[in-house]
Amino acid sequence: METLQKKIEEASSLEELEKIRVELFGKKGILSAEFAKLKDIPGPEKKVFAEGLNKTKVLLQDSFDKKLAVLKSIALEKQLKAESIDVSLYSNLREKGALHPVAQTMDKIIDYFVSLNFSVETGPMSEDDFHNFEALNLPKYHPARDMQDTFYFADGMLLRTHTSPTQIRTMLKEKPPIRMIAPGAVFRRDYDLTHTPMFHQVEGLVVEEKGKVSFANLKAILTDFLHHMFGDVDIRFRPSFFPFTEPSAEVDISCIFCKSNGCRVCSHTGWLEVLGSGVVDPNVFKAVGYDNVSGYAFGLGVERFAMLMHEIPDLRSLFEGDIRLLEQFR
Ligand code: PHE
């Protein structure tokens with residue numbers, strides 16, 4: 001009896017204890033064998049033997065139950081430790097990403113012009129005064145420079161205020177005819193509902209032999225382009241001024257929010273300004289050494305297009321990285 005109890009107490013695992021249970025309490029176990037002896041024991045002794053046996057059984061059962069509880073709790077603790085969740089671990093489940101709305105809009109614009117055989121040109125974001133201003137007929141102290149105040153480096157370089165310097169770089173590098181767009185980031189000292197210090201433009205430039213292109217071609221291509229982007233809208237060319245084009249026009253579309261009835265977005269004018277354009281000023285061609293050519297150019301703000309196409313009220317929200325805004329463009 002003592003040895004049996006000791007055996008139970010010394011069991012080091014649930015498996016071992018289970019073996020002991022079968023050995024002791026099983027059908028063919030030690031206790032069953034003892035109880036089987038009862039039938040051969042005569043009357044009075046039988047009672048004493050049976051009582052002793054029952055007591056032993058209860059004691060052993062008791063030890064067994066206690067040991068079982070201990071081993072079970074050890075096993076549980078072990079299991080919990082093994083299965084604990086490390087919340088700092090990365091999950092393998094990744095959410096599907098998508099292009100940023102500005103990139104999506106940019107792609108749609110580029111696709112249109114590429115389909116018309118325009119080449120896509122790029123230029124540096126840090127520019128010199130010549131490419132950003134001088135060659136574009138914006139001499140030093142020209143008042144129009146005020147509208148394009150930007151960030152200057154100590155060595156006189158600056159963050160380009162528009163994509164127009166890429167026109168200059170392309171013309172200096174290549175011979176006419178030219179049919180190009182220049183998408184990219186530009187910078188200005190602005191920050192409000194409709195301006196951020198960095199934004200994107202797409203520039204367009206067409207240069208042909210003198211007399212081959214005119215304002216009429218500019219008007220036709222921009223009209224078709226704006227219908228492609230905004231659907232069935234009215235388009236208005238409004239006289240304007242840019243130092244690098246003459247004549248110049250700003251282009252408006254009829255307000256897509258109020259159908260030209262007048263609302264806050266269009267400042268109750270019924271029109272939304274969407275781009276700048278014009279016939280290339282002869283001084284620009286002079287600056288790049290082009291002779292006997294005519295051309296037209298245009299420039300637009302990609303964020304402004306994205307805002308209008310998706311009814312985004314604050315342009316700055318495009319750069320705040322708020323997932324609630326961005327996931328609407330998946
Ligand atoms: N560069 C002008 C701007 O940033 C836009 C423009 C480009 C206007 C080409 C006319 C022709 O405001």
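The values are calculated or read from the model by the stated rules, or taken from the named source; none is laboratory data. None of these values were measured; they are calculated from a predicted model. So basically every Cβ, Gly included, is an ideal-geometry build from the backbone, and we count neighbours across all protein chains shown. To get the accessible areas, we keep the full protein, side chains included, count just its heavy atoms, and leave off ligands, DNA and RNA. Shrake-Rupley method; radii C 1.70, N 1.55, O 1.52, S 1.80 Å.
Ordered by 1.4 Å accessible area with all protein chains kept, Val87, Val213 run largest first as Val87, Val213. Annotation: extensible slack from His100 through Leu68 equals 5.4 nm (criterion: 0.36 nm per residue apart, minus Cα-Cα distance).
In deg cm²/dmol and to the nearest 500, what is the mean residue ellipticity at 222 nm of the chain if only DSSP H runs of at least 4 residues count, each as -39500 (n - 2.57), divided by the residue total?
Numbers: 11 runs with 134 residues, N = 330.
Helix-only estimate at 222 nm: -12500 deg cm²/dmol.
Counting only protein heavy atoms and using a 1.4 Å probe, the accessible area of Phe153 comes to about 100 Å². Projecting the Cα atoms of Asn283, Met180, Gln148 onto the charge dipole of the range 101-329, computed from C-beta unit charges around the Cα centre, puts Asn283 farthest toward the positive end.
Taking all protein chains together, Ser260, Ser84 sort by accessible area into Ser84, Ser260, largest first [probe 1.4 Å].
Give me the accessible area per residue for the chain, probe 1.4 Å, as a whole number in Å².
Values: 19550 Å² over 330 residues.
Counting only protein heavy atoms, the per-residue value for the chain is 59 Å².
Computed with a 1.4 Å probe over protein heavy atoms only, the accessible area of Lys286 comes to about 150 Å².
For the range 266-329, the share of alpha carbon pairs falling in successive 5 Å distance bins from zero is 4, 12, 17, 15, 10, 11, 10, 10, 7, 3, 0 percent.
Carbon and sulfur together cover what percent of the accessible area of the range 2-83 at a 1.4 Å probe radius? Don't skip to the answer; put the middle values down first.
Details: 3680 of 6200 Å².
Summing carbon and sulfur atoms, their accessible area is 59 percent of the total for the range 2-83.
Arg179 contributes an accessible area of around 90 Å² to the protein surface, as traced by a 1.4 Å probe with all chains present.
Looking at the range 114-158, what % of the alpha carbon pairs are farther apart than 17 Å?
Values: 441 of 990 pairs.
Pairs farther apart than 17 Å: 45 percent.
Given in Å, the Rg to one decimal and the Dmax to the nearest whole number for the Cα atoms of the range 171-225 are 15.2, 42. Per the Debye formula on identical point scatterers at the alpha carbon atoms of the range 73-191, with no solvent, log10 I(q)/I(0) at q = 0.09, 0.15, 0.23 Å⁻¹ is -0.45, -0.83, -1.30. Take the convex hull of the alpha carbons in the range 187-330; its mean projected area over all directions comes to 10.0 nm². Other residues with beta-carbon under 15 Å from the beta-carbon of Phe329 carry, at +1 per Lys or Arg and -1 per Asp or Glu, a net charge of -3.
Could you sort Glu18, Glu77 by accessible area so the largest value comes first, with the probe set to 1.4 Å?
On the way: Glu18 85, Glu77 115 Å².
Sorted by accessible area, descending: Glu77, Glu18.
In plain terms, the chain from Asp291 to Val87 could stretch by 66.6 nm, reckoned as 0.36 nm per residue minus the Cα-Cα distance.
Each listed q (0.12, 0.18, 0.19, 0.27 Å⁻¹) maps to a log10 I(q)/I(0) for the range 123-190 from the Debye sum over equal C-alpha point scatterers, namely -0.30, -0.66, -0.73, -1.30. Within the chain, the proportion of C-alpha pairs whose separation exceeds 25 Å stands at 66%. Rolling a 1.4 Å probe over the protein heavy atoms of the range 101-329, with every protein chain left in place, gives an accessible area that is 53 percent carbon and sulfur. Measuring spread by the Cα atoms of the range 68-126 yields a radius of gyration and Dmax of 28.2, 82 Å. Percent of C-alpha pairs per 10 Å bin in the range 2-83, short distances first: 17, 40, 25, 12, 5, 1.
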